[in-house]
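Structure, as structure tokens:
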Amino acid sequence: MNKQFGTRVMVSEMTAEGLGNVFVLRLLLPIAVVGKDQPVKVYEVMALTRQLDSVDVERLHAMDEHMQPVKDASDSNSESQRSSASSVGRHRRARKQTNAMIRDVVLKTAQDTPVTASEDEVTFAQQYTKTVHQYLRKDFRGALSSIGALRKMTPGHLLSPELTNGPSKRSSYAEKSLAMLERLCEEYATNCPEDFDGVYKALEK
């Protein structure tokens, strides 16, 4: 998925809420991933809002502490109860594994390359997120106008390596996701289905 959007670290809405205000997050799209029943809103983790302090690190380490232990499905009396317990158990285990993975990646990234967001990155993340909300509200013309404004106001080194002067340490650029959103807006501006929900159907994980 990162390759499709030109990003480095992507997180679900659930994980994004757990990250709090320590990171600059950019809403990408609601995405339906192959093999998943329900679409989820996905965010890019762009950079730190500030250097991590001990309180931040402790909170990230405690991301999955609130998860309750799952009762063994064999303790349930009926087949439906066992099936329900098993499903809940899988969901909670997957959630804990995801939180642990994201926590470890973010902590390692923050500790190895402690890059704090620039003012340009914060502004871009905010404006891009507003543009995605325009798209989700079916304001496709407004979103297209916002995309044009974003390209004009955003420094080239955030958009594309081709627009970067000199060597760059960035591993993610916004132009790919910007172009994807632009293509979707152009398509739906002329032919929007009644059941439009804004979900991007990903063909691969």
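Residues in segment 130-139 include none that are at pLDDT 95 or above, over 18 Å from residue 42 (Cβ atoms) and in a helix (DSSP H, G or I).
Filtering segment 1-22 down to residues that are in a loop (DSSP other than H, G, I, E, B) and of a type in the set (A, V, I, L, M, F, W, C), which residue is nearest to residue 158 (Cα to Cα)?
9
The set of residues from segment 23-40 being within 17 Å of residue 129 (Cα to Cα) and either touching a residue at least 60 places away in the same chain (Cβ under 8 Å) or outside any strand (DSSP E or B) (or both) comprises 23, 24, 25, 26, 27, 28, 29, 30, 31.
For segment 135-144, a tally of residues being over 20 Å from the mean Cα position of the chain (by Cα) and either among the aromatic types (Phe, Trp, Tyr) or under 17 Å from residue 123 (Cβ atoms) (or both) returns 1. In segment 177-195, the residue that is surrounded by the fewest Cβ atoms within 10 Å (Cβ to Cβ) out of those that are under 19 Å from residue 33 (Cβ atoms) and at pLDDT 95 or above is 184. Return yes or no: is residue 122 under 19 Å from residue 28 (Cβ atoms), under 19 Å from the mean Cα position of the chain (by Cα) and at pLDDT below 70? When the stated conditions are applied, residue 122 does not pass them. Enumerate the pairs (first residue in segment 129-151 and farther than 17 Å from residue 174 by Cα; second residue anywhere and in a helix (DSSP H, G or I) and of a type in the set (Ser, Thr, Tyr)) with beta-carbon separation below 7 Å, excluding pairs fewer than 6 apart on the same chain, so at least 6 apart or on different chains. Listed pairs, sorted by first residue: 134/146; 140/188.
The values are calculated or read from the model by the stated rules, or taken from the named source; none is laboratory data. Small disclaimer: the values here were computed from a predicted structure and weren't measured. Using ideal geometry, Cβ is built from the backbone for each residue, glycine included, and neighbour counts are taken over all protein chains shown.
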